[in-house]
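**Q** Pasting a structure below so you can have a look.
The values are calculated or read from the model by the stated rules, or taken from the named source; none is laboratory data. These numbers come from a predicted model, not from an experiment. As a convention, Cβ positions derive from the backbone with ideal geometry for all residues, glycine included, and neighbour counts pool all protein chains shown.
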Amino acid sequence: MFHSKNGMRAQAITLVCAMLLFAGIAAAQAPKAPPATSTPGKDLVRQWNGVARRLAAMAEDFPADRYDWKPAPEVRSFAEQVLHAAGYACHVQEVAKGLRPKEEDPPRANFKTKADVVAYVKRCFADGAKAMEAMGDAKLAETIHVDGWTVTNHGLFNTAVEHAGEHYGQLVVYYRVNKMVPPESRPRK
């Protein structure tokens with residue numbers, strides 16, 4: 001087939017226009033990224049609340065008659081693990097507020113029932129989230145001195161997030177050894 005130069009040019013222009021039109025339509029239909037509204041403090045609270053949710057779910061889910069089970073005599077029981085993680089969260093927020101911290105490893109004997117343990121876990125982490133939100137980014141960025149250690153409030157709270165995550169991992173093993181699936185690992189409905 002014979003095409004003139006003008007015919008080929010017209011086809012090329014038409015093709016380019018069609019490509020631009022389709023690219024514009026595709027761009028208009030693409031999901032927009034949410035505006036950047038996060039801050040270091042909001043990110044920290046999100047991480048804090050995530051690990052808090054996972055630990056609270058385990059505390060609520062694990063059978064009460066297995067709360068004092070431990071995989072070996074020299075390690076913490078399930079309840080002691082959960083209490084220890086929550087206790088450190090309470091300890092950190094007290095330090096950040098400039099208070100004299102209470103014990104970071106609350107005795108199991110102080111929590112008679114599963115409901116007592118669950119309530120303590122939820123309260124410690126909820127209070128910590130409120131403390132961070134009240135501080136805001138400026139106060140979270142302030143440096144404090146703790147037992148010869150210099151750290152920002154943000155860094156201090158972050159140690160509790162990491163600590164709780166480590167104990168969450170240990171508790172996953174407690175679940176698996178008991179032939180149970182942790183709540184976070186179950187299929188979503």
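**Q** Look through segment 96-111, keep the residues that are among the aliphatic types (A, V, I, L, M) and within 19 Å of Val151 (Cα to Cα), and return whichever of them is modelled with the highest pLDDT.
**A** Ala96
**Q** Look through segment 155-189, keep the residues that are more than 18 Å from the chain's Cα centre (by Cα) and assigned to a helix (DSSP H, G or I), and return whichever of them is nearest to Gln81 (Cα to Cα).
**A** Once the filter is applied, the top-ranked residue is Tyr174.
**Q** Please give the number of the condition Lys139 fails out of (1) surrounded by 12 or more Cβ atoms within 10 Å (Cβ to Cβ); (2) among the basic types (Lys, Arg); (3) more than 19 Å from Trp48 (Cα to Cα).
**A** (3)
**Q** Quick one: what pairs do we get from segment 63-80, first residue in the same structural domain as Met180 (by TED's automatic domain parsing) and in contact (Cβ under 8 Å) with a residue 60 or more places away in the chain, second in a helix (DSSP H, G or I) and of a type in the set (Val, Ile, Thr), C-beta under 6 Å, 6+ apart or different chains?
**A** Here the result reads Pro71/Val177, each pair linking segment 63-80 to a residue that is in a helix (DSSP H, G or I) and of a type in the set (Val, Ile, Thr).
**Q** Looking only at residues that are part of a helix (DSSP H, G or I) and aromatic (Phe, Trp, Tyr) in segment 75-111, which one is farthest from Asp127 (Cα to Cα)?
**A** Phe78
**Q** Where residues in segment 37-94 are basic (Lys, Arg) and more than 14 Å from Gln170 (Cα to Cα), which of them is nearest to the chain's Cα centre (by Cα)?
**A** The qualifying residue nearest to the chain's Cα centre (by Cα) is Arg46.
**Q** All but one of (1) closer than 13 Å to Gln47 by Cα; (2) surrounded by 19 or more Cβ atoms within 10 Å (Cβ to Cβ) hold for Asn153; which doesn't?
**A** Among (1) closer than 13 Å to Gln47 by Cα; (2) surrounded by 19 or more Cβ atoms within 10 Å (Cβ to Cβ), the lone unmet condition for Asn153 is (1).
**Q** Mind listing whichever residues of segment 134-165 are within 23 Å of Ala57 (Cα to Cα) and in contact (Cβ under 8 Å) with a residue 60 or more places away in the chain? Let's see the steps before the verdict.
**A** Restricting attention to segment 134-165, the residues satisfying the condition of being within 23 Å of Ala57 (Cα to Cα) are 157-165.
Scanning segment 134-165 gives Phe157, Asn158, Thr159, Ala160, Val161, His163, Ala164, Gly165.
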